[in-house]
Structures are given as C-alpha cells and as structure tokens.
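Undergrad: Here it is, the structure in full.
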Amino acid sequence: SEAADLLGLMHYMEAMRLITALELVAPTPDENVTVTDTELNNVPVRLYLPRRAPGGLRRAMVYFHGGGWCLGDAGMKSYDHISRRISNELNAVVVSVNYRLAPEHRFPVPFEDVYSVTKFFLQREVLAQYGVDPARVCVAGDSAGGNLAAAVAQQLVEDPEVKTKLKAQVLLYPALQALDLNLPSYRDNANKPLLPRSLMVRFWSEYFTSEPALREAMASGRHIPAEAAPLLQLVDWSRWLPAEMRPGHEYRAPAPGAAGLARAYPGLLEPRASPLLASEPRLRRLPPAFILTCEHDVLRDDGAMYAGRLRAAGVPVTHHHAKDAFHAAMMFVLWPLELAVGHRLL
C-alpha cells in the first residue's frame, strides 16, 4: 500500500481495500437466518432475520464494522459470520451498516450514515415491522465501528426526536480519542500487529484529510492547540487508567501544536469523532456499556479510560480485558485464520 501510494498508482487506502475485496461474501441465507442486502434510510445495510418462530418480540443489534473509517464491509466473511451467529443465538434482528468510507467521505459522513440508519430503525413503526422489542435494542461496533457506536449512543440521548432508548452499547476495542496518541498502550504496542501506531495515526488523519501536515503532526503529538488544553483532563490516563494498566509509565501531557490544524479540521476536538471528550452530564444519560479491550493493542487505553469515565458518571459498565489478545482478535474465527482467542472473545 505504501509503495503504491508513493508511486502515485493509487491512494494508500485504496490499496488496503484490496484485502476487504478478497473477504467479501454474498448475502446467502442459511437454515437459521435470512440474509439480504438492502437500504435503510438510503444507507446500504446487510440485514439478518432469524428464521425460527419469534415467541414474542425480538432483540435487535445495529452493528458498525471496523477498518479505521477507511476500510471494511458488512459483507466481509468474518463480519457476516459474527452477524449470523448473533442473529441465530440471540434470536435477534441484526442490521450491519455499510457506511461510506474515508478518504472519499471524511468525517462526519461515516458518523452521519450510521446515525441516520440507527435513528430510522428506532422508529416505533420500523421496529414493529421487524418484530423488535423497543426495550431491547443495542448499538455495537469494533475498532472504528466501536467509535461510531459510542458516538451514536451519545447523540441519541441529545436528540429530542428519538423516543426509543437504547438498551446497551457494545464497544469492541474501540478508538475513542485523537488527542493523545502517546498513551501507554500506544507506547507498549507501537509495532505490534494488527494495528501498529503508524497505521492508527494514518487512520485518524485520513478520517479528516489526506494532507500530510495533519498526519505528521499527529505522529509527533503536536496536533492539539494550546487553547484545547482543558480537554486533556478528559483523556488524562494518569487519572482514568487503572494502575495495573500503566506500570512503568509516567504521565506527560501532549505538547501544544499550532492552532491552524484544529481550525482547519474542527472534528479533531468533537465528541462525534472522539467520544471520550463528552462531558460528564452527557455521559450520565448513556445506556449500560460492554467494553472489550485487548492487552496487545494501541487502542487498549481508549476503552479502559472510557470505562472509567462512564463508571464515574454512574453508567453501568462491564469491562472485559483480554490479557492474551491483540487488536481485532475476534475476527479470527474462520479457517484459515482461525484462533482459539477469537472464538473465546466472540
């Protein structure tokens, strides 16, 4: 991907998407679940409907795939497998959203797509159409999709048009802040698969722009202006990380950078892009959360800090920390990339 980008053959993320293309599977129904590609509110989704008799109203999950806002598809083999299992085992309707991707569609477009689908689905008449219990709907996502799920949950509590409350938010190794990219987890796992620090920096920067200036500033930790310093307390890992998750690390606040980048890309400082920047009064209104973090993952501390902030705001949180897992481990559930840890996390 880097070579193709440097040679001008194709954008870095276009080359990375070739991996996605190799993983795509058709929406094929099986004996347990009906699977169709359709649209909800003009956004493509893959819809999973259990075949068994409902025995009452069903649960539902609205799912957002990962891939750094630039890659991924609901039709990838692993996502399709996970959605089928959830639909079958929980007798749940699963709406897996194919939001538009950066760099062609930058922030806030991916967020707006997933929010549009969720808000539409939560209408009473739409839930009734699919036989869904309005009291048992959750949003979920992994990695960048976990970012989108957290942001959607926050926006829903502020939206007076939405009457249905989420039952839960399920955040799997989520990316939740772009202010401090030198957390202990970023230092400990800078060169580990599947998400080295350099790639996460690239994903974050591409979410806003392909201009190298932002990527270079993020890589050196000088992308946040001095006037944004009050926000740093919301991502201060010396306060929000459990002591056992930061051994041998001393807190250093990110060095201030030029104000121009934040003015050019204001999404950098928005909770819609960095849900960890939400105020405590906003967090207080959120539904219960399940957060999965993995030890060998640059995003480990994002999820752990969010668990801490949600608990401090009085939100019920189940935080499962997998000490033997790496980023995206749950995707490794099918041959030839099948691992015991993937099955256990799923």
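Undergrad: Restricting the search to the stretch 238-251, which residues are assigned to a helix (DSSP H, G or I) and touching a Ser or Thr at 6+ places or on another chain (Cβ under 9 Å)? Before you say what the answer is, go through the steps one by one.
TA: Quick first cut of the stretch 238-251, residues assigned to a helix (DSSP H, G or I) only: 238-240, 243-245.
Listed by number, the list holds a single entry, Met245.
Undergrad: Would you check if Ala289 is under 22 Å from Ser83 (Cβ atoms), touching a residue at least 40 places away in the same chain (Cβ under 8 Å) and either surrounded by fewer than 17 Cβ atoms within 10 Å (Cβ to Cβ) or among the aliphatic types (A, V, I, L, M) (or both)? If you could, list the steps in order and put the result at the bottom.
TA: Details: under 22 Å from Ser83 (Cβ atoms): yes; touching a residue at least 40 places away in the same chain (Cβ under 8 Å): yes; either surrounded by fewer than 17 Cβ atoms within 10 Å (Cβ to Cβ) or among the aliphatic types (A, V, I, L, M) (or both): yes.
Considered against the rule, which asks whether it is under 22 Å from Ser83 (Cβ atoms), touching a residue at least 40 places away in the same chain (Cβ under 8 Å) and either surrounded by fewer than 17 Cβ atoms within 10 Å (Cβ to Cβ) or among the aliphatic types (A, V, I, L, M) (or both), Ala289 comes out as yes.
Undergrad: Let me ask something else about it. Could you list, in sequence order, the residues of the stretch 11-41 that are open to solvent by 70 Å² or more (accessible area, probe 1.4 Å) and free of Cβ contacts under 8 Å to residues at least 24 places away in the same chain?
TA: Glu14, Leu18, Leu22, Thr28, Glu31, Glu39
Undergrad: Picking from Glu295, Glu270, Glu211, which residue would you name as being over 28 Å from Phe326 (Cβ atoms) and either modelled with pLDDT of 95 or more or touching a strand residue (DSSP E or B) at 6+ places or on another chain (Cβ under 6 Å) (or both)?
TA: Values: Glu295 fails: over 28 Å from Phe326 (Cβ atoms); Glu211 fails: either modelled with pLDDT of 95 or more or touching a strand residue (DSSP E or B) at 6+ places or on another chain (Cβ under 6 Å) (or both).
Residue meeting the stated conditions: Glu270.
Undergrad: Among the residues of the stretch 183-241, which ones are within 20 Å of Glu270 (Cα to Cα), of a type outside the set (Phe, Trp, Tyr) and in contact (Cβ under 8 Å) with a residue 60 or more places away in the chain? Before you say what the answer is, go through the steps one by one.
TA: In the first step, residues of the stretch 183-241 are kept if they are within 20 Å of Glu270 (Cα to Cα); the result is 183, 200-211, 213-215, 217-219, 221-237, 240.
Filter again for of a type outside the set (Phe, Trp, Tyr), leaving 183, 200-202, 205-206, 209-211, 213-215, 217-219, 221-236.
Within the stretch 183-241, Leu183, Met200, Arg202, Glu206, Thr209, Ser210, Leu234, Val235 meet the criteria.
Undergrad: Would you mind telling me which numbered condition in (1) among the polar types (S, T, N, Q); (2) crowded, with 18+ Cβ neighbours inside 10 Å; (3) outside any helix (DSSP H, G or I) Ser205 fails?
TA: Looking at each condition in turn, Ser205 falls short on (3).
Undergrad: Among the candidates Leu199, Leu194, Leu232, Leu166, which residue alone is open to solvent by 10 Å² or more (accessible area, probe 1.4 Å), more than 19 Å from Arg106 (Cβ to Cβ) and in a helix (DSSP H, G or I)?
TA: Values: Leu199 fails: more than 19 Å from Arg106 (Cβ to Cβ); Leu194 fails: in a helix (DSSP H, G or I); Leu166 fails: in a helix (DSSP H, G or I).
On inspection, the qualifying residue turns out to be Leu232.
Undergrad: So Phe120 ticks every box in (1) touching a residue at least 24 places away in the same chain (Cβ under 8 Å); (2) part of a loop (DSSP other than H, G, I, E, B); (3) over 24 Å from His321 (Cα atoms) but one. Which box is left unticked?
TA: Unmet condition: (2).
Undergrad: Yes or no: Val317 among the β-branched types (Val, Ile, Thr) and either buried (at least 24 other Cβ atoms within 10 Å of the Cβ) or more than 19 Å from the chain's Cα centre (by Cα) (or both)?
TA: Details: among the β-branched types (Val, Ile, Thr): yes; either buried (at least 24 other Cβ atoms within 10 Å of the Cβ) or more than 19 Å from the chain's Cα centre (by Cα) (or both): no.
For Val317, the condition - among the β-branched types (Val, Ile, Thr) and either buried (at least 24 other Cβ atoms within 10 Å of the Cβ) or more than 19 Å from the chain's Cα centre (by Cα) (or both) - is not met.
Undergrad: Looking at the stretch 322-334 only, could you name the residues that are open to solvent by 30 Å² or more (accessible area, probe 1.4 Å) and more than 11 Å from Leu345 (Cβ to Cβ)?
TA: Lys323, Leu334
Undergrad: Next question. Which of the residues belonging to the stretch 127-162 are more than 18 Å from Pro110 (Cα to Cα), assigned to a helix (DSSP H, G or I) and touching a residue at least 60 places away in the same chain (Cβ under 8 Å)?
TA: Listed by number, the residues that qualify are Leu127, Val157, Glu158.
Undergrad: Can Leu171 be described as within 15 Å of Ala273 (Cα to Cα) and either open to solvent by 10 Å² or more (accessible area, probe 1.4 Å) or not in a helix (DSSP H, G or I) (or both)? Before you say what the answer is, go through the steps one by one.
TA: On the way: within 15 Å of Ala273 (Cα to Cα): yes; either open to solvent by 10 Å² or more (accessible area, probe 1.4 Å) or not in a helix (DSSP H, G or I) (or both): yes.
Judged against the criteria, Leu171 is a match.
The values are calculated or read from the model by the stated rules, or taken from the named source; none is laboratory data. All figures in this text were calculated on a predicted structure; none of them were measured in a lab. Don't worry about glycine lacking a Cβ; one is built from the backbone with ideal geometry, like all the others, and counts go over all protein chains shown. Areas reflect the complete protein model, heavy atoms only, side chains present, ligands, DNA and RNA absent. Shrake-Rupley method; radii C 1.70, N 1.55, O 1.52, S 1.80 Å.
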